[in-house]
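Step one of this worksheet: look at the structure below.
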Amino acid sequence: MQFSSDILEINAEQEVDRICKRLREILSKQLKRRGLVVALSGGIDSSVTTGLAIKAIGKERVQLLLMPERHSSDDTLDLSRSVADHFEASSIHEDISGILEAVGFYRRYDDAVRMAIPEYGQDWKSKIVIPNVMQKRGFNLFSIVAETPGGEIIQKRLPLKAYLEIVAATNFKQRTRKMLEYYHADRLNYAVTGTPNRLEYDQGFFVKLGDGAADVKPIAHLYKTQVYQLAEHLGI
């Protein structure tokens, strides 16, 4: 077979039916749990996972968790709620800012950013970026892009120590969310549903004991392109 993008084409209807059947089997025979908990971010992976869970066992046995925090983008909660409303499913809003404050996440994150941008302040916004591989040759070095409250953009290369400390601090978010997922799963006698796709698992692009931890992972075998095919079939 000649290699092309067509190799990623799947029969979405059959794949959805197969995943749903397997979810029901795992839930009843292996995990012996009553339902599923899904952490809903508003992104395509968690939205498709939500759709699969609801199609497999019904919205009455799926508990959605919306867990934004101080650094979340403004539309995160709106997108999550729109998915929950679309499926008419129960959702719980857990703002994790207080927990992150208690473990010192915001202080640790700000201190790490100041290694590259000393003037970085509490009300600033920032993110880690890498150069566009199509526009630059050679080594790809991480940089931090910060925005002041007045809208000024500052970009500086990240020293290794600063990069590692930012990543280590940011991982608090995923591990905090997973802690809450298992709290709700335990109180309801439900199972925790993972949302990473195959590309994330192949590259290890998940947080150990964070979003990589779950009782069942419905889309871990699907590439992102295939996840979008399921989304179209599920009406997401």
Counting only protein heavy atoms, what percent of the accessible surface of the chain is carbon or sulfur at a 1.4 Å probe? 51
Find me the longest stretch of the chain that has none of the exposed GluC sites (Glu not before Pro), where exposed means in a DSSP loop (not H, G, I, E or B) with at most 14 other Cβ atoms within 10 Å. 153-236
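Of the DSSP beta bridges with both residues in the chain, give the percent that are antiparallel, rounding to the nearest 5.
In the chain, approximately 45 percent of DSSP beta bridges are antiparallel ones.
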Using the Cα centre as the reference, give the magnitude of the dipole from point charges on the C-beta atoms of region 127-217 (Lys, Arg: +1; Asp, Glu: -1; all else neutral), rounded to the nearest 20 debye. 280
Once the Cα gyration tensor of region 14-103 is diagonalised, what are the square roots of 5 times its eigenvalues, in whole Å and ordered largest first, as equivalent ellipsoid semi-axes? 26, 15, 10
What number comes out for accessible area per residue over the chain if the probe is 1.4 Å? Units Å², please. 57
Taking the structure as given and computing Cα extents along the principal axes in Å, which label from [x] 53, 38, 25; [y] 54, 51, 29; [z] 41, 38, 34 fits? [y]
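At a Förster distance of 35 Å, what's the computed FRET efficiency of L160 paired with D75, Cβ-Cβ distance as r, to 0.05? Working shown, then result.
Values: r = 33 Å, r/R0 = 0.93.
Using R0 = 35 Å, I get an efficiency of 0.60.
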Express in Å², to the nearest 10, the accessible area of K208 obtained by rolling a 1.4 Å probe over the protein heavy atoms while all chains stay in place. 150
What FRET efficiency do you get for D17 and K208 if R0 is 35 Å and r is their Cβ-Cβ distance, rounded to the nearest 0.05? 0.60
Assign unit charges at the C-beta atoms only (+1 for Lys and Arg, -1 for Asp and Glu), then state the dipole size of region 26-68 relative to its Cα centre in Debye, rounded to the nearest 20. 320
Per residue of region 177-186, in order, report the coupling 6.51 cos²θ - 1.76 cosθ + 1.60 (Karplus, θ = phi - 60°) as ³J(HN,Hα) in whole Hz, putting x for Gly and Pro. 4, 5, 4, 6, 4, 6, 4, 5, 5, 5
Given a Förster distance of 35 Å, report the FRET efficiency between N189 and E101 from their Cβ-Cβ distance, rounded to the nearest 0.05. 0.70
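The values are calculated or read from the model by the stated rules, or taken from the named source; none is laboratory data. Keep in mind that this is a model prediction, so the values were computed, not measured. Counting neighbours? That spans all protein chains shown, and the Cβs are built from the backbone with ideal geometry, glycine included. When the accessible area is computed, the model is the full protein with side chains, heavy atoms only, and any ligands, DNA or RNA have been set aside. Shrake-Rupley method; radii C 1.70, N 1.55, O 1.52, S 1.80 Å.
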